[in-house]
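Okay, so here's the structure we're looking at.
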Amino acid sequence: MSDLAQNTLDGLFLGSSYALLALGFTLIFGVLRRVNLSFGPAVMFGCYAATWVNLNFGAGLVLLALVTILGSILAGAYVERLCFAPHRGGSAIAAMVASFALWMQFEELASIVLPRHLYDFPPLHGGAPLAFGAMTLRIESLVMLFAALLMCALLWWILYRTRFGVAVRAVIDQPQAAQLAGINVPRVFMLTFALASAIGGLAGFLIAASHEQVTPMLGMWSTMKGLLAMMLGGLGSLPGAVLGGLALGLLEAHSQWFFGPQNRDLIAYALIFILLAARVPWMTTRSAS
Amino acid sequence: MDDYAIGVLTNIGLISFLALSAYLLLITGEMSFGQQAFFGVGAYAGGMLTAMYGWSLPLAALCAMALGALAQFLVGLPTLRLRGLYFAMATLAAAEMARILFELFHFQRQLEGEPVGPDGSQGFRGIRWVFEHGVEPLEYLGMVYALLALALVAFLLVERSRLGATLRGVGEDAELAASLGVNVTRVKLGVAAAAGALAALGGVLYAHHNTYIEPRNFDIMLGVHSLAYALIGGLGTALGPLLGVVLDIGALEGSRVFQGYRMIVFGGLVALLLIWRPRGLLDERAVQWLRRRFS
């Protein structure tokens with residue numbers, strides 16, 4: 001019983017990191033109708049920038065968080081300019097393959113600047129986990145969950161309570177009408193990309209600081225988990241992204257406990273495959289060509 | 001030719017099968033993230049048949065192709081109605097499942113006191129048919145390119161025929177094609193089976209060239225690379241995917257000029273090239289222009 005509860009807690013922690021990644025993914029997909037395969041690698045770029053700063057100057061956590069977020073935004077802007085701005089209204093496949101090409105660049109750049117396979121990242125909270133009877137709860141888990149919920153609330157506020165949010169929603173619903181109404185669509189794209197990258201950067205910082213390490217695998221990991229959580233929650237829905245992330249985390253934590261790590265991934269992919277093949281309504285109603 | 005050049009050229013030939021398989025799906029309007037799985041199925045099946053059961057390579061290759069076709073047909077049945085990203089994600093999920101199943105796959109036989117066969121994540125070593133039958137690297141290279149030429153001729157014939165027009169019609173607008181009396185489901189399933197067979201053939205040749213395969217050879221990176229090769233080479237002709245492979249493996253890896261920076265150079269070139277030509281170098285317009293020029 002306590003194992004079950006402990007796994008649920010671990011799953012929620014894992015799931016909130018997926019939820020944050022999926023939020024960034026969803027924002028880009030919702031506005032551009034394009035998949036950005038370089039989303040994870042841009043986050044990794046931010047984490048590597050922070051690791052580099054930490055190795056050379058030994059900065060504090062707040063500064064490292066800022067460096068990670070700024071690095072991710074910078075990398076995101078590069079991706080947007082080279083892969084998405086030129087293909088606006090054009091080929092979705094070309095944009096996606098171009099974003100994959102930049103992924104290769106980020107990975108090689110990371111391994112040139114910091115060639116070891118693994119680097120330490122300063123811990124978010126060095127102290128012991130909280131204990132409730134037999135169960136333990138890491139402070140990092142609470143921070144991660146809190147950050148995911150806070151980001152979701154912040155995004156909701158931006159989208160539904162600001163002028164920029166109105167413009168973003170208009171572009172999502174009716175891109176041509178939005179343009180005719182005088183909305184600067186390219187600018188909305190750029191700002192959305194920056195916002196999504198900032199959320200990704202925050203996610204990357206929290207993930208690196210709670211695992212206390214960075215590796216070049218972080219890029220692929222973030223892209224895969226974010227993409228899966230986004231699909232699971234229904235493409236382009238922000239609450240769906242959070243729910244999809246949490247569901248994926250819970251599924252992974254429980255199946256890892258019962259069936260081991262390899263079967264954990266097998267089960268997650270099998271579930272995605274079956275849900276897609278069955279065309280469950282919340283996952284396949286939006287057009288995603 | 002030195003061994004290095006032969007190795008690079010053989011690799012270009014092998015990967016071209018995978019790129020052709022991605023290309024075949026792209027022209028019928030499907031983007032697959034999972035062709036690496038069928039490449040893997042071919043590699044494992046072909047390797048097991050020759051190394052564990054003593055089959056000859058041609059027979060093993062045929063059998064592996066049939067298996068690859070069947071595998072992609074079965075994956076296609078429930079997924080081909082999905083569009084765009086949904087299909088891509090479904091194929092990605094299927095391919096990652098296959099990769100994990102390769103990791104879990106332990107099946108060995110004792111041959112002359114040695115265990116032979118797939119050993120989970122330890123990989124599968126000793127696929128030595130080529131070596132044991134005295135096939136020289138240059139001869140193997142010739143075999144790979146003869147098969148590739150055969151596949152290309154088949155492609156060029158199909159593309160000039162009514163079937164080719166049907167394929168591209170389905171790719172451009174499946175509903176319109178259906179209203180003209182094309183059985184879209186049948187066409188797509190047939191294409192899926194053919195793409196699976198092509199990928200599997202590449203896989204068999206890959207396994208026998210390397211003599212050693214492991215599950216992580218068949219990860220998402222391989223699949224997205226083959227997609228990128230097809231797209232940068234061009235969707236106008238089956239020579240496009242080949243051009244894509246030659247550009248990356250041949251020009252960048254083979255020349256060793258950009259050693260250590262290859263991915264940065266290749267990645268930047270691909271992104272810039274796609275801005276200039278979103279359907280690749282040899283796209284439909286380039287192909288038409290070339291045809292008019294040379295006929």
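Couple of notes before you dig in:
- Meets criteria (more than 8 Å from chain B (Cβ to nearest Cβ), among the aliphatic types (A, V, I, L, M), more than 18 Å from the chain's Cα centre (by Cα) and surrounded by 17 or more Cβ atoms within 10 Å (Cβ to Cβ)) for A:Val53: yes
- Which listed residue, of A:Ala134, A:Ala94, A:Ala148, A:Ala110, is on the phi < 0 side of the Ramachandran plot, surrounded by 15 or more Cβ atoms within 10 Å (Cβ to Cβ), in contact with a helix residue (DSSP H, G or I) (Cβ under 9 Å, 6 or more places away or on another chain) and away from chain B (no Cβ under 14 Å): A:Ala148
- Check on A:Pro122, open to solvent by 70 Å² or more (accessible area, probe 1.4 Å) and farther than 20 Å from B:Arg277 by Cα: no
- Test: B:Leu201 is more than 12 Å from chain A (Cβ to nearest Cβ), surrounded by 23 or more Cβ atoms within 10 Å (Cβ to Cβ) and either in contact with a strand residue (DSSP E or B) (Cβ under 9 Å, 6 or more places away or on another chain) or not small (Gly, Ala, Ser) (or both): yes
- Pair list, Cβ < 6 Å and 6+ apart or interchain, from the range B:144-155 residues that are closer than 15 Å to B:Pro58 by Cβ to residues that are hydroxyl-bearing (Ser, Thr, Tyr) and open to solvent by less than 60 Å² (accessible area, probe 1.4 Å): B:Val144/B:Thr10
- Flag for A:Ser255 being within 30 Å of B:Phe105 (Cα to Cα), in contact (Cβ under 8 Å) with a residue 12 or more places away in the chain, in a helix (DSSP H, G or I) and not basic (Lys, Arg): yes
- One residue from A:Thr192, A:Thr162 being of a type in the set (Ser, Thr, Tyr) and in contact (Cβ under 8 Å) with a residue 40 or more places away in the chain: A:Thr192
- Identification of helices (runs of 4 or more DSSP H) wholly contained in the range B:42-145 with 1 or more residues that are open to solvent by 10 Å² or more (accessible area, probe 1.4 Å) and among the basic types (Lys, Arg) yields B:84-104.
- Residues satisfying the stated conditions in the range A:77-91, i.e. facing chain B (nearest Cβ under 7 Å) and either more than 19 Å from B:Arg262 (Cα to Cα) or within 19 Å of the chain's Cα centre (by Cα) (or both): A:Cys83, A:Pro86, A:His87, A:Gly90, A:Ser91
- Only residues that are touching a helix residue (DSSP H, G or I) at 6+ places or on another chain (Cβ under 9 Å), farther than 24 Å from B:Val270 by Cα and touching a residue at least 40 places away in the same chain (Cβ under 8 Å) were counted in the range A:49-76, giving 10.
- Failed condition for B:Ala230, given (1) in contact with a Pro (Cβ under 7 Å, 6 or more places away or on another chain); (2) within 19 Å of B:Leu9 (Cβ to Cβ): (2)
- Only a single item in (1) open to solvent by 40 Å² or more (accessible area, probe 1.4 Å); (2) under 22 Å from B:Leu80 (Cβ atoms) is not met by B:Leu189, and it is number (1).
- Across the range B:204-225, the qualifying residues are those that are farther than 17 Å from B:Ala19 by Cα and within 14 Å of chain A (Cβ to nearest Cβ), and the one among them that is modelled with the highest pLDDT is B:Pro215.
The values are calculated or read from the model by the stated rules, or taken from the named source; none is laboratory data. The structure displayed is predicted, hence computed values, not measured ones. A quick note on method: Cβ atoms are made from the backbone with ideal geometry, for glycine too, and the neighbour counts reach across all protein chains shown. The accessibility values were calculated without ligands, DNA or RNA, using every heavy atom of the protein model including side chains. Shrake-Rupley method; radii C 1.70, N 1.55, O 1.52, S 1.80 Å.
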